[in-house]
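See below for the structure under consideration.
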Amino acid sequence: MNKVGRRLAMLVGGLSLLLAVAGPWITPYDPERPTADVLMSPSASHPMGTDASGLDVFSVTVAAYRTDLLIALAAVVLSLVVGIVLGVLAGYSFGGSRAFGILGKAVDRLLDLVQSIPVVILGLALVATFGRGMPSVIAAVAFVNVPVFARLLRSSLKSAERGGLVQACRSVGLSERATLLRHVLPNSLDSTLANASVALGGAILLTAALSFLGAGVRPPTPEWGALISGGANYVPTGQWWISVFPGLVLSLTVVCFALAGESVRDRLSGASGRKRSADAGQTDAAQTDTDTVMRLA
Amino acid sequence: MSSMRLQVRDLVVEAGRGGERTQAVRGACLSVAEGQVVGLVGESGSGKTMTSLACLGLLPPGVEVVGGEITVDGHAMLTLPERDRRALRGPSIAMVFQDPLSSFHPGLSVGTQIVHSLRDHGVGRAEAKARCIEVLGEVGLPKPEAQARRFPHQLSGGMRQRAMIALALANRPRILIADEPTTALDPTVQAGILRLLRRLADDGLGVLFISHNLGVVAGLCDEVTVMRNGEVVESGPTARIIGDPQHPYTQTLLAAAPSLPDPVEVGDPIVVREEPGAAAPDSRVDRDAAVYTLADVSRHFVSGSRGRKTTVHALDGVSLSITKGSSTGIVGESGSGKSTLARLLGALDAPSSGQVLFHGQDLTGMSKQDMRAFRRKVQFVFQDPTSSLDPRYTVEDTLREALHTHGVTDPAQVARRFTELSEQVRLPKSLFGRYPRELSGGQRQRVAIARALAPRPEVLIADEPVSSLDVSIQAQVMDVFRDLSENDGLTLVMVSHDLALIRDVCDSLVTLYNGTVMESSQAAAYYEQPMHPYSSALLHSMPNPRHIGRLPEVLALGEPADPTSPPPGCRFHPRCPRAQDLCREQRPALTAMPDRVLACHFPLTVPAVTAEVGER
Ligand SMILES: Nc1ncnc2c1ncn2[C@@H]1O[C@H](COP(=O)(O)OP(=O)(O)O)[C@@H](O)[C@H]1O
Ligand code: SF4
Ligand SMILES: [Mg+2]
């Protein structure tokens, strides 16, 4: 993707973020209290029209943005934490410790297993077990990203361990723990963290997809996927705005986040300067990201 | 002049975009005549490569010629349109790079690529195939038909470089530009390539040879051009420029280039009586003085799955001892097991069999506490300081951590050690606040050395500590090591493939080949008269700036043996010019001599005429 495209994506993504944060203060109507205007087409008073219960589509879409963003953020943070722990177990040998070796292999298998479960089915299963609601959705979305981050970190750690710094730390007599926490992890993490920015767009899309299929947050909570599926019933009768506007905003946001995330990542990993080894891991993750998006599409 | 193949006059090359343009080459002049090898010398960044790329019309984007003239084989290169330039590349001018792997297409066989380059210049299919085999033979590849079918990664370093030269020569160019073509190779292999280039020039090719190694240039080149910061500072016949340099810069370069004294020429085989039991570890060494004793140590790396296991015999039955306060050089070609041995000594790796004793104590199975004590006593310096330092730690952070790890926490004491370390490695304390990226390569390596010295170790192990540095800096860093071993009583173990570089530092040498010890000797005796044919081959392959017009000799045929299937008998026999039937059948035992321990059935002892074995 060229530079201009990325800049533009950054700009639009940034503006939309601002919109999401400032939502409650700038949206004209309460997203949860219906107005008297039912199924109105877009007009000056309702720029995106209203739906069957009289809710202002624009206000609801902005409010849904907050929901989706919150879920995606929480999921990415959760998956980062879990992914880092698993990545360390899978990728670092702790000086050839036997116990950690076995544990590492087990984690590897686990990651393979998790990645082979289709996301949507997993989401449905989670919702069936724990009920609809934010925690289930966050867990499902996080679940998808854990192997991505864990793998990424694993490959950075593996190459770090072959590299000079780990050797040097060991030869100086530093403990394995100090080597890992003070030197290896801080130098390997930035590529993983940088990829979190790319993962955010995918997480939003996944959140919406789960709701669209009925495995998302509980109905009154405004959410893009739910809005799109709810509005879809009215498209045949000509009330296209109910699902088209949220759909457009969703697509735009996901694309912008993906592009902006890529430039954030490149800038972050560029800043660390010497992360040639991590590059392999990055393309790996980017690949997985597109895979996720493809699987959902 | 019709014999002039390449002429560059007042060349100016600018790089950079927008307003920030820098001149990479400023008014360079040089010329190469038919049958001549011209050396282009200078440190990294002096504009050598830019000059040569300009000659080919292959400057990277953003870099352009803004002045001067280039004449290639009678054509004014700079005024030609790109299509005509392309037609010249191959039949008129061709280039060979330092790293042939990156200039070959990895997915096509060597032969296919040579044929392609011929077909591009309108050669018929059958003729192209014939020429491909012919040129592969010309550059000295054995069994050219078989080599043509192989892929670049299947060839060894030296073979690959020869194949690269074959690719360049396929269209019979009149001029060949070779950019550091032997820098990545072992001296033994380099010597063969240099001889090849000399032969090609003697047959009429004009060669522009780019190098930072004055020893290589002295032996190979007829004329030398010295560049610095994009300018030519001096040029003329090799005998004058290298033999009697006028410009101070050339003098500095020459002063930094190490040179070896000529070893005694030796020849006739004399059978050494083998005394069973007299073998190593060196029986002359007082056991108490031995810091390290290795008895029959092997390190094998097994890879692959059950059915197809390959075993790399990185070290096989190594016995030696290292005396307290000595400085021992571990030498040998790449892949001979030097680094593996160093890592075993530093307990960064464990032997597959045999024992590594440190003051009589086995390193494997050491208690945690003993290991901690060992880590304090034995420190390591790695080849690449950039990767062995934490980019997020300043010099001070790095050193403080090393001190803290070994219990020096009192601020006053830490500060005192900082001062001492700064003096020991000659790194000004004003640089202590800097991050590695803000330091030069030489300064970084000094930091790495200081870190190793922080716990006041008894032994310092250094693996090729200067080979990633510029030549002029190598000597300065080696001085630090010499001082440490001479004045501070440190036991020094230094791995190196450069015999000239460690001559001033080491007082004893262990020569490894294919994972086994060939010779283990006092350094003075070794340099004066190598007795093992392999040691002799190593010494004679070292380029020497004092040998003007004399190429390093090739006394080891071909390239190092594959450590996955070591040859039977003497490991060196397939390459040894003195090999007899006995060598093929029986592995020579390490035998003690007055000033060395030796594993050879027919060592060199009596001075005689050296056998010449050709360029390979
Ligand atoms: N970790 C490893 N795994 C497999 N093979 C190795 C490993 N380390 C070294 N080797 C092999 O062992 C041989 C000796 O290597 P090394 O000690 O690095 O040689 P040198 O330092 O003399 O160049 C080489 O063939 C190398 O490829
Ligand atoms: S083959 Fe080995 S034993 Fe025989 S002469 Fe050569 S080095 Fe000595
Ligand atoms: Mg090595």
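Data table
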quantity: Test: residue in the range B:333-350 that is open to solvent by 20 Å² or more (accessible area, probe 1.4 Å) and more than 20 Å from A:LEU165 (Cα to Cα); calculated: yes
quantity: Test result for A:ALA160, touching a residue at least 40 places away in the same chain (Cβ under 8 Å) and crowded, with 16+ Cβ neighbours inside 10 Å; calculated: yes
quantity: Selection from the range B:27-47 of residues that are among the charged types (D, E, K, R) and at pLDDT below 90; calculated: B:GLU43
quantity: Residue list for the range B:314-357, filter: within 14 Å of chain A (Cβ to nearest Cβ), more than 20 Å from B:THR564 (Cα to Cα) and away from ligand 3 (no atom under 16 Å from the Cβ); calculated: B:ALA347
quantity: Candidate set from the range B:244-265 (those that are open to solvent by 20 Å² or more (accessible area, probe 1.4 Å) and polar (S, T, N, Q)); member that is nearest to B:TYR527 (Cα to Cα); calculated: B:SER259
quantity: Selection within the range B:154-180 - assigned to a loop (DSSP other than H, G, I, E, B) and within 18 Å of B:GLY122 (Cβ to Cβ); calculated: B:ALA170, B:ASN171, B:ARG172, B:PRO173, B:ARG174
quantity: Residue tally, condition assigned to a loop (DSSP other than H, G, I, E, B) and either within 16 Å of ligand 2 (Cβ to nearest atom) or on the phi > 0 side of the Ramachandran plot (or both), over the range B:297-337; calculated: 7
quantity: Residues of the range A:138-166 classified as touching a helix residue (DSSP H, G or I) at 6+ places or on another chain (Cβ under 7 Å), farther than 20 Å from A:LEU113 by Cα and in a helix (DSSP H, G or I), total; calculated: 8
quantity: Any pair with Cβ under 7 angstrom, 6 or more apart, that starts in the range B:340-366 at a residue that is in the same structural domain as B:ALA452 (by TED's automatic domain parsing) and ends at one that is within 16 Å of ligand 2 (Cβ to nearest atom); calculated: B:LEU341/B:LEU512
quantity: Helices (runs of 4 or more DSSP H) within the range B:73-153 that include 2 or more residues within 31 Å of the chain's Cα centre (by Cα); calculated: B:100-103, B:110-120, B:125-138, B:144-148
quantity: Hey, B:LEU194 assigned to a strand (DSSP E or B), in contact (Cβ under 8 Å) with a residue 40 or more places away in the chain and surrounded by 20 or more Cβ atoms within 10 Å (Cβ to Cβ) or not; calculated: no
quantity: Residues that are open to solvent by less than 40 Å² (accessible area, probe 1.4 Å) and within 16 Å of ligand 3 (Cβ to nearest atom), drawn from the range B:540-584; calculated: B:PRO563
quantity: Those residues of the range A:159-213 which are among the basic types (Lys, Arg) and within 8 Å of chain B (Cβ to nearest Cβ), in sequence order; calculated: A:ARG170, A:ARG182
quantity: Filter result for B:ALA412 (open to solvent by less than 10 Å² (accessible area, probe 1.4 Å) and more than 30 Å from B:LEU499 (Cβ to Cβ)); calculated: no
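Okay, residues lined up against (1) over 34 Å from the mean Cα position of the chain (by Cα); (2) crowded, with 20+ Cβ neighbours inside 10 Å; (3) more than 14 Å from chain A (Cβ to nearest Cβ):
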position	(1), (2), (3)
B:LYS368	yes, no, no
B:ARG376	no, no, no
B:PHE380	no, yes, no
B:ARG437	no, no, no
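The values are calculated or read from the model by the stated rules, or taken from the named source; none is laboratory data. Quantities reported herein were computed from a predicted structural model and do not represent experimental measurements. Positions of Cβ are backbone-derived with ideal geometry, glycine not excepted, and every protein chain shown enters the neighbour counts. Surface areas here come from the heavy atoms of the whole protein model, side chains and all, with no ligands, DNA or RNA. Shrake-Rupley method; radii C 1.70, N 1.55, O 1.52, S 1.80 Å.
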